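Down below is the structure, laid out as structure tokens.
The values are calculated or read from the model by the stated rules, or taken from the named source; none is laboratory data. What you are looking at is a predicted structure, and each value in this text was computed from that prediction instead of being measured. FYI the Cβ positions are ideal-geometry reconstructions off the backbone, even for glycines, and counts take in every protein chain you see.
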Amino acid sequence: MGGWAIAVHGGAGVDPNLPPQRQEEAKQLLTRCLNLGISALRSSLPAIDVVELVVRELESDPLFNSGRGSALTENGTVEMEASIMDGPKRRCGAVSGLTTVKNPISLARLVMDKSPHSYMAFAGAEEFARRQGVALVDNQYFITEENVGMLKLAKEANSILFDYRIPTVGLETCSAGAASVEAALQMNGLPISVYAPETVGCVVVDGQGRCAAGTSTGGLMNKMSGRIGDSPLIGAGTYAGELCGVSCTGEGEAIIRGTLSRDVAAVMEYKGLGLQEAVDFVIKERLDEGMAGMIAVSRNGEVAYGFNTTGMFRGCATEDGFMEVGIWE
Amino acid sequence: MGWAIALHGGAGDIPLSLPLERREPREAALRHCLQIGVAALQTKRPPLDVVELVVRELENNPNFNAGRGSVLTTDGTVEMEACIMDGNTKKCGAVSGLTTVVNPISLARLVMEKTPHIYLAFDGAEAFAREQGVETVDASHFITPENIERLKQAKEANRVQIDYTQPITKDTKKETPTADGDSQIGTVGCVAVDTRGNLAAATSTGGLVNKMVGRIGDTPIVGAGNYANSLCAVSATGKGEAIICGTVARDVAALMEYKGLSLEEAAAYVISECTPRGTAGLVAVSATGEVTMQFNTTGMFRACASEDGYSEIGIWPNSMQN
């Protein structure tokens, strides 16, 4: 065993013009969440508990798009979704269409632990939440003033178009700050300045080599009510098995099509790749023209991340003292 | 290389003693649906159209757990879900929580073709159905007297139950060891490949008898119950929770892609190694026109045909060749 490791993310696809103060706030939050996870790992909490704990913290802070601070549907409401998976027995739980549950990741955990099912959605999931007695709040709690403004901008940009893919030509060279290209930067059909990086997530391997992963999101700004993205889908946004734990973020539809998180595990399992190799392979080969990022840990205590977007809010740490928090490449 | 098609009407603990009056209509329906698919392939319809066409037919047949004939939730309502995927483009569409849409598979296709999203559920999916003008009916259309009785029995036995072929007996010997008492299974699905190697997969279901309202199974989840790429197309059926965590449909393709297995070998590996005994079955075709139908349950309602004249319809391991 290589000791514990943890990684967190706050979404991929970041506005290059994000004010430095916001960048600083994001890094502070990522650092705080890492430290929370690290101290839980040091007190020998199992990986699955650490994942839930850290994702709850990310959900509760309004900075990222999950829980409080979630992106809004075209109706101006919040519909949140999340999933969690425990590697050793490949148990999983997922929820979609939550409107009042304060911490969707914890309800996903309860679906895994307390229901005969793996995935509950909309009114039925809310009913399950009430029966389980989890903390509920008014939908308004999740809605931030900033997101109300973002929805307005998204609607003005008339953005969710059927054919929303943009040519990727030139994108690879723009990360050095080519201002002329920024106007064209989009994620999922939204101008990057309006796009809410889609997700938060955490992956953990504990000292006993157990992997777990969790992902939570408010989804896509200006989405149709009822839209389900990759975050609650096992094998797309979240996957954990014996070998690794993976959480993805980015253009949901591309992540679903590419079964991104499962494929990291699959190329390790079936092709014998190492963790970072697997992440690089999947980002390069499985995304078509889509844009996404991911964090991953292996049972050997390795940590890895990768993205083909402009930036991903992420942080990672390992037992041997390595720690890194970053946004850009 | 030639065209090939396979379809299923669910896998599960189908007793060998299944009475003739329950067996015959299902065999006849499998044969009928197979003929529709074969005829469509022979007239060069694209596989995406063929799988939609065949699954619509299976949905319309009350003997299978999808569309009309869907099993009931704990509240006595129907909540249907479906998924469709095109192999070459990997474009896909999925729906959950439908209560009035006559053919969920066609709505899944519309999600794929007419929205920027892949997956719509519950009220939002119903609203989309109305916007698209697809055929809708009162929710009672889907509810058969047989399924009302099944729900009653499931509630008496206080469990979630997947079967639709048999009344529940109190005999627990036939139960799988899982705590929730899932015993038998229902979903419909179809996979097809044309002579040019174009692939598609479609899967549709009513879910589990006595399921909690809001429960989503493996069927609408790309990579779990349904998957297609340029190598193969797969539709799975069985215990949804096991198929989700085993990412069954994607794993058949992943084993071919990353480990170089044949379709037959990949399906066999997934059925024996990636899912617990008694939980899963699948039908699959490859770009080169191979077809396979495998399960680790007692049986699976299934049928297949390929251009070289091979055809098979079966329920238990020993199938009959046509």
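The table for this structure:
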quantity	calculated
Residue ranges of strands (runs of 3 or more DSSP E) in the range A:241-329 with at least 3 members within 14 Å of another protein chain (Cβ to nearest Cβ)	A:244-250
Scope the range B:207-228; condition modelled with pLDDT of 95 or more and more than 9 Å from every other protein chain (Cβ to nearest Cβ); matching residues	B:T219, B:G225, B:N226, B:A228
Filtered residues of the range A:234-258 (kept if under 17 Å from B:R250 (Cα atoms) and among the β-branched types (V, I, T))	A:I234, A:T238, A:V246, A:I255, A:I256
Of all residues making up the range A:54-94, the number that are within 26 Å of A:K114 (Cβ to Cβ), over 16 Å from the mean Cα position of the chain (by Cα) and not in a strand (DSSP E or B)	5
Enumeration of residues in the range A:316-329 that are of a type outside the set (A, V, I, L, M, F, W, C) and within 20 Å of A:V282 (Cα to Cα)	A:E329
Top-ranked residue of the range B:87-99 - restricted to ones that are among the hydrophobic types (A, V, I, L, M, F, W, C) and within 19 Å of B:G207 (Cβ to Cβ), ranked as farthest from the other protein chains (Cβ to nearest Cβ)	B:L98
Among residues of the range A:114-142, those that are acidic (D, E) and in contact (Cβ under 8 Å) with a residue 12 or more places away in the chain, counted	2
The listed residue being in contact with a Cys (Cβ under 9 Å, 6 or more places away or on another chain) and either buried (at least 17 other Cβ atoms within 10 Å of the Cβ) or modelled with pLDDT under 95 (or both), out of B:L48, B:L7, B:L18	B:L7
Selected residue [touching a Leu at 6+ places or on another chain (Cβ under 7 Å) and hydrophobic (A, V, I, L, M, F, W, C)] from B:V213, B:V248	B:V248
Among (1) of a type outside the set (G, A, S); (2) in contact (Cβ under 8 Å) with a residue 12 or more places away in the chain; (3) under 21 Å from B:N147 (Cβ atoms) - the single one B:E21 does not satisfy	(2)
A:G97 assigned to a strand (DSSP E or B), on the phi > 0 side of the Ramachandran plot and at pLDDT 95 or above	yes
Any chance A:V111 is of a type in the set (A, V, I, L, M), surrounded by fewer than 18 Cβ atoms within 10 Å (Cβ to Cβ), touching a residue at least 12 places away in the same chain (Cβ under 8 Å) and under 23 Å from A:A71 (Cβ atoms)	no
Count of residues meeting criterion [touching a residue at least 40 places away in the same chain (Cβ under 8 Å) and at the interface with another protein chain (Cβ under 9 Å from one of its Cβ atoms)] in the range A:221-238	10
The range A:91-103, residues that are away from chain B (no Cβ under 14 Å) and closer than 12 Å to A:T215 by Cα	A:N103
Number of positions in the range B:233-256 that are in contact with a Lys or Arg (Cβ under 9 Å, 6 or more places away or on another chain), within 23 Å of B:L48 (Cα to Cα) and facing chain A (nearest Cβ under 10 Å)	4
Sole exception among (1) surrounded by fewer than 23 Cβ atoms within 10 Å (Cβ to Cβ); (2) within 18 Å of the chain's Cα centre (by Cα); (3) within 14 Å of chain B (Cβ to nearest Cβ) for A:K27, by number	(3)
Residue count, the range B:100-127 (criterion: assigned to a loop (DSSP other than H, G, I, E, B), within 12 Å of chain A (Cβ to nearest Cβ) and at pLDDT 95 or above)	1
Flag if B:E59 is assigned to a helix (DSSP H, G or I), among the acidic types (D, E), surrounded by 18 or more Cβ atoms within 10 Å (Cβ to Cβ) and in contact with a strand residue (DSSP E or B) (Cβ under 7 Å, 6 or more places away or on another chain)	yes
Filtered residues of the range B:56-84 (kept if closer than 13 Å to B:G10 by Cα and of a type in the set (D, E, K, R))	B:E59
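A quick yes/no check of all residues on (1) surrounded by 19 or more Cβ atoms within 10 Å (Cβ to Cβ); (2) in a loop (DSSP other than H, G, I, E, B); (3) basic (K, R); (4) modelled with pLDDT of 90 or more:
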{"site": "B:E131", "(1), (2), (3), (4)": "no, no, no, yes"}
{"site": "B:I148", "(1), (2), (3), (4)": "no, no, no, yes"}
{"site": "B:L151", "(1), (2), (3), (4)": "yes, no, no, yes"}
{"site": "B:A154", "(1), (2), (3), (4)": "yes, no, no, no"}
{"site": "B:R159", "(1), (2), (3), (4)": "yes, yes, yes, no"}
{"site": "B:T165", "(1), (2), (3), (4)": "yes, yes, no, no"}
{"site": "B:K170", "(1), (2), (3), (4)": "no, yes, yes, no"}
{"site": "B:K173", "(1), (2), (3), (4)": "no, no, yes, no"}
{"site": "B:P177", "(1), (2), (3), (4)": "no, yes, no, no"}
